[in-house]
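Everything below concerns the one structure shown next.
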Amino acid sequence: MNLAKTVLVTGIGGFLGGYVSAWFSGKGWRVIGIDVLPRTAIVGFPGDVYQQLNIGNGLLPDLMQVEQPAVCVHCAGSASVPRSMSEPMSDFRANVSMTGMLLEAIRTHAPSCAAVLLSSAAVYGSPLELPINEEAELGPISSYGFHKRMAEELFAEYATCHGLRTACVRIFSAYGSGLRRQVLWDLCNKLVNANTVVLQGTGLESRDFVHARDVANAIAAVVERADFRGECYNVASGAETSIAELAQKLGAAMQLQRFIEFDGVLPQGVPSRWRADISRIQDLGFTPEVSIDCGVAEYAKWVLPELLRA
């Protein structure tokens, strides 16, 4: 067994956890996955070793001590802005408390392990200027965004105070086949089930959509070339797409002609526009490869039979 090629992926049963672990597995890494889900619930498990455990149940230190992973990619945590607003303490436990427990397990039992946090563009809130770079002032507007900022601070703390090798990736609007939540999934549900589709906001709101395969490639670039001093990297396409444009692209890809209306109401905690400056991670060799048109077409091909079976 080559310990230098062992990666631990937390939250391997989640959307991005699956893509990240598949990338490492495809490159010959030994992948150890942990999740609260039973092994049987993870279809096509892309790894070698699996343990069903909660980071907070006291079993993680033993796993760290035995396996001594070279890298830990922390994908676990809550990823719902609306739920973070209705259940802020639950979101805090999932995104802050668990992150602290993970870092402490690394510090005490596998201090040579490099750790990558999957953070979020939600730490920026609604920026006044675009594109936004990593040096911009943080201004989260949701509990989720505040908690991701706290998790980033923990990664910086353990790098500065305890000498761990840590880095954070601020992921913008990730999507791809297998995603059963957030804007693409919700929009496709509406396109399938109604002739008139009513969406929130004005349609001018925008996101920087990045395909999950590109997210995995970006994390690989961080693992291979980052400084690991607690720094952060934007992970995005660098392109801005309005929600109205997205609806049009999805409707065309699904061959569904629908009337699209907007209610003019933007929910609390939802930013209006996002576009990332990705020059910092490009300096590590990352280039986004999946265009929004190709990604949407691929997603539509996957999601339509999923929805018709439901």
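Between the alpha-carbon centers of the stretch 35-80 and the stretch 95-113, tell me the distance in whole angstrom. The two parts, judged by their Cα centres, are 13 Å apart. The Cβ shell under 13 Å around GLN282 holds other residues with a net charge of -3, Lys and Arg each +1, Asp and Glu each -1. If a spin label sat at a point 7 angstrom from the Cα of SER242 along the line to its beta carbon, the backbone N atoms of the stretch 265-295 nearer than 16 Å would be those of 265-266, 272-275. Between CYS294, CYS72, CYS113, the Gaussian network model of the chain with springs among Cα atoms under 10 angstrom shows the greatest mean-square fluctuation at CYS294. For the options SER120, SER112, SER173, a Gaussian network treatment of the chain with springs between C-alpha atoms closer than 10 Å singles out SER112 as fluctuating the most. For the chain, the tally of Lys pairs with Cα-Cα distances below 20 Å comes to 4, considering only residues 8 or more apart or on different chains. Considering the chain as a Gaussian network with a 10 Å cut-off on Cα pairs, which listed residue, VAL49, VAL235, VAL265, attains the greatest mean-square fluctuation? Sorting by GNM fluctuation, first place goes to VAL265.
Cβ distances below 4.7 Å define possible disulfide partners, and in the chain the cysteines left without one are CYS72, CYS75, CYS113, CYS161, CYS188, CYS294.
Quick note: the coordinates plus some simple rules give every number you see, no bench work behind them. Small disclaimer: the values here were computed from a predicted structure and weren't measured. Reconstructed Cβ throughout: ideal geometry from the backbone, glycine too, with neighbour counts over all protein chains shown.
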